[in-house]
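K.L.:
Sharing a structure, written as structure tokens. Questions coming.
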Amino acid sequence: MANSSLAEKAVEQGKGILRLAPTWVPRSFCVPGRRIKLHPDDYYVLGGVRGGIDERWLSSTTPAKNGPLTGEHEGLSKVVYEENGQTEQVLLKDVIDELKGEIIGDRLWDEHKSWPMYSKFFDNMGPLPHHIHHNDEEAAKIGQLGKPEAYYYPPQLNNHGGDFPYTFFGIAPGTTKEQIKECLMNFTKGDNKITMYSQAFPLIPGTGWDVPPGMLHAPGSLCTYEPQKASDVFAMYQSLVNEAVIPEELLWNGTPADRIGDYDQLMEVIDWDLNTNPNLLETRFMRPIPVSAEPTEGYSEVWVCYRSEAFSAKELTVFPGQTVTIKDSAAYGIIVMQGHGKFGVWDIETPALIRYGQLTNDEFFVTEKAAMEGVTISNPSANDPIVILKHFGPNNPDLVVVK
């Protein structure tokens, strides 16, 4: 192994499972909900001008777009390698760029030449503005990819609901395009009242929602596990939320330079049929569904995000005292939500509190080969289940997408 690269050594050390360091991301326009286990002294550790840390990004090769003050590797996950008491870190993006299909599988590498998704914990005390993510066609106008995303509300991180545990989705049936366009034209005149033409749903821990591109949504204040396509394209369509004024530049975020000021362009981003579907609960809401109809021994596994071809996610529970081997047909990232034990060669544990910059044993990335061979997980506890969330890239061979 003398001439091996750091990436190769990390893969060998983990027997195909890479250990990741926590990746914290601040947002200047958000107030942290303080449910993502960061130490209370560290939510504003990057300084008041950067805002509070209210996101932890998982299995990310996507840089955060946080304006001119963005840190060098902000949003990017790092692989941890330890040798002779020395710890080194290398970007997950660089490991994948170097080893390609050996990490994410030839299927994904050949098509995307990258890891095309990431997940995050989004932890805001209040609601976000009603906003939209562009589809591939609209995003291509500014050289970006479109962005589908999904939400799951982990019970372990939702001991309180924040200020507004309701999310607005879509546009109420019967609303006209003229009414929405008028709201957009009133953006700089105070509250443009766009949520008047939407519907809000209470957020229930242990459930989730699917949010395709082109759909207006105003996420509520539960702590959210959020798998999504590797893109950061969006536009804010609500001008005032929780008494906070949204800058007009965010309305035109994602608009080609030659169309700024053109409200018809903003309307084109909206998928009207998707937004005005009267059956949003039936078509976008997600209760967990079993991965297999077969009975399982020692564990339970459910799909928590299953309506998108761009990504998917599972929740795995290994019962106390059990050892199980789980096979998957695709590479995936994990975050340990509860319990402690062994995950392949690694010790895993769920920290109660994390300092900024501290390493943990709760986040990993499983290469396609290791996933297909099967990962053995042991739970030594007499009482506490191990609960793990697993996020997958596009077109998971094990999933029949539920439309």
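The values are calculated or read from the model by the stated rules, or taken from the named source; none is laboratory data. Small disclaimer: the values here were computed from a predicted structure and weren't measured. When we count neighbours, we look across all protein chains shown, and the Cβ atoms used for this are built from the backbone with ideal geometry, even at glycine. Protein only, heavy atoms only, side chains kept; ligands, DNA and RNA dropped before computing areas. Shrake-Rupley method; radii C 1.70, N 1.55, O 1.52, S 1.80 Å.
K.L.:
Enumerate the amide H contacts of D54 below 5 Å, restricted to partners 5 or more residues apart or on another chain; note that Pro and chain-start residues carry no placed amide H.
P.N.:
Counting only residues 5 or more places away or on other chains, the set is V25, R27.
K.L.:
Can you work out the Karplus-derived ³J(HN,Hα) for every residue in the range 50-63? Use 6.51 cos²θ - 1.76 cosθ + 1.60 with θ = phi - 60°, whole Hz, and x for glycine or proline.
P.N.:
Karplus-based 3J(HN,Hα) across the range 50-63 equals 7, x, x, 7, 10, 9, 10, 8, 10, 6, 9, 10, 10, x Hz.
K.L.:
Once a ≥ b ≥ c are taken as the square roots of the eigenvalues of the Cα gyration tensor of the range 1-148, is the result rounded (a/c under 1.5), prolate (a/b larger than b/c) or oblate (a/b not larger than b/c)?
P.N.:
Note, shape of the range 1-148 comes out oblate.
K.L.:
Then there's this: Could you tell me the largest-minus-smallest coordinate of the C-alpha atoms of the range 184-293 on each of the three principal axes, in descending order and whole angstroms?
P.N.:
In descending order, the Cα extents are 53, 29, 27 Å.
K.L.:
If I take R0 = 56 Å and measure r between the Cβ atoms of N186 and N3 in this structure, what FRET efficiency does the formula 1/(1 + (r/R0)^6) give, to the nearest 0.05?
P.N.:
Efficiency, rounded to the nearest 0.05: 0.30.
K.L.:
For the pairs K181/K229; K15/K78; K65/K93; K141/K314, flag any whose C-alpha to C-alpha distance is greater than 22 Å. Mind showing how you got there, number by number?
P.N.:
Working: K181/K229 28 Å; K15/K78 17 Å; K65/K93 16 Å; K141/K314 33 Å.
Table pairs above 22 Å Cα-Cα are K181/K229; K141/K314.
K.L.:
Using a Gaussian network model on the chain with a 10 Å cutoff between Cα atoms, which of N379, N253, N275 fluctuates the most?
P.N.:
Sorting by GNM fluctuation, first place goes to N253.
K.L.:
Where in the range 12-81 are there GluC sites (Glu not before Pro) that are in a DSSP coil and have at most 12 other Cβ atoms within 10 angstrom of their Cβ? Each step should come with its number before you reach the end.
P.N.:
Values: sites: E12, E55, E72, E74; in loops: E72, E74.
Qualifying residues, ordered by number: E72.
K.L.:
Using the Karplus curve 6.51 cos²θ - 1.76 cosθ + 1.60 with θ = phi - 60°, work out ³J(HN,Hα) for each residue of the range 69-76 in order, rounded to whole Hz, and write x for Gly and Pro.
P.N.:
With coefficients 6.51, -1.76 and 1.60, one gets 8, 4, x, 4, 10, 4, x, 8 Hz.
K.L.:
Search the structure for amide H atoms under 5 Å from the amide H of G206, placed 1.01 Å from N in the peptide plane, and list their residues when 5 or more places away or on another chain.
P.N.:
Y153
K.L.:
Related question: Just to confirm the filter: which GluC sites (Glu not before Pro) across the range 202-271 are DSSP coil and have at most 16 other Cβ within 10 angstrom of their Cβ?
P.N.:
Numbers: sites: E243, E248, E249, E268; in loops: E243.
Filter output for the range 202-271: E243.
K.L.:
In the Gaussian network model of the chain, springs joining C-alpha atoms below 10 Å, which of F122, F343, F392 carries the largest mean-square fluctuation?
P.N.:
F343
K.L.:
³J(HN,Hα) across the range 301-311 via Karplus (A = 6.51, B = -1.76, C = 1.60, θ = phi - 60°), whole Hz, x for Gly/Pro?
P.N.:
Here the 3J(HN,Hα) series is 9, 10, 7, 10, 10, 8, 9, 10, 7, 7, 5 Hz.
K.L.:
Modelling each spin label as a point 7 Å along the Cα-to-Cβ direction, I'd like the A200/S329 distance in nm, to one decimal.
P.N.:
It works out to 4.2 nm between the two label points.
K.L.:
A further question on this structure: Going by the alpha-carbon gyration tensor, a ≥ b ≥ c the square roots of its eigenvalues, is the chain rounded (a/c under 1.5) or, if a/c is not under 1.5, prolate (a/b greater than b/c) versus oblate?
P.N.:
Values: a/c = 1.69, a/b = 1.56, b/c = 1.08.
The shape class here is prolate.
K.L.:
Determine the calculated [θ] at 222 nm for the chain from helices alone, applying -39500 (n - 2.57) to every DSSP H run no shorter than 4 residues and normalising by the residue count; nearest 500 deg cm²/dmol. Walk me through the intermediate numbers first.
P.N.:
Working: 11 runs with 67 residues, N = 403.
Calculated at 222 nm, the ellipticity per residue is -4000 deg cm²/dmol.
K.L.:
Please say if the range 45-129 is rounded, prolate or oblate, where rounded means a/c under 1.5 for a ≥ b ≥ c the square roots of the C-alpha gyration tensor eigenvalues, and otherwise the choice is prolate for a/b larger than b/c and oblate otherwise? It would help to have the intermediate numbers written out before the result.
P.N.:
Numbers: a/c = 2.37, a/b = 1.46, b/c = 1.63.
Oblate shape, in that a/c is at least 1.5 and b/c is the bigger or equal ratio.
K.L.:
If you don't mind, another one. What does the accessible area per residue of the range 265-403 come to in Å², with a 1.4 Å probe and no ligands, DNA or RNA counted? List each step's numbers first, then the result.
P.N.:
Details: 5890 Å² over 139 residues.
Ligands and nucleic acids excluded, the figure is 42 Å² per residue.
K.L.:
5 Å is the cut-off here: which amide hydrogens, built 1.01 Å from N in the peptide plane, fall below it relative to A230, excluding neighbours closer than 5 in sequence?
P.N.:
Amide H neighbours of A230, under 5 Å, 5+ apart: M117, Y118.
K.L.:
Can you tell me how much longer the chain between K193 and D273 gets when fully stretched, taken as 0.36 nm per residue apart minus their C-alpha distance, in nm with one decimal? Kindly include the intermediate steps, with their values, before the conclusion.
P.N.:
On the way: separation 80, 0.36 × 80 = 28.80 nm, distance 2.11 nm.
Full extension from K193 to D273 adds 26.7 nm.
K.L.:
Quick check for you: with a 1.4 Å probe and neighbouring chains kept, what is the accessible area per residue of the range 1-143, in Å²?
P.N.:
Working: 5950 Å² over 143 residues.
On a per-residue basis, 42 Å².
K.L.:
Could you check how much of the accessible area of the range 1-146 is carbon and sulfur, as a whole percent, using a 1.4 Å probe? Write down the numbers at each step before the final one.
P.N.:
Values: 2960 of 6100 Å².
About 49 percent, which is the carbon plus sulfur part of the accessible surface.
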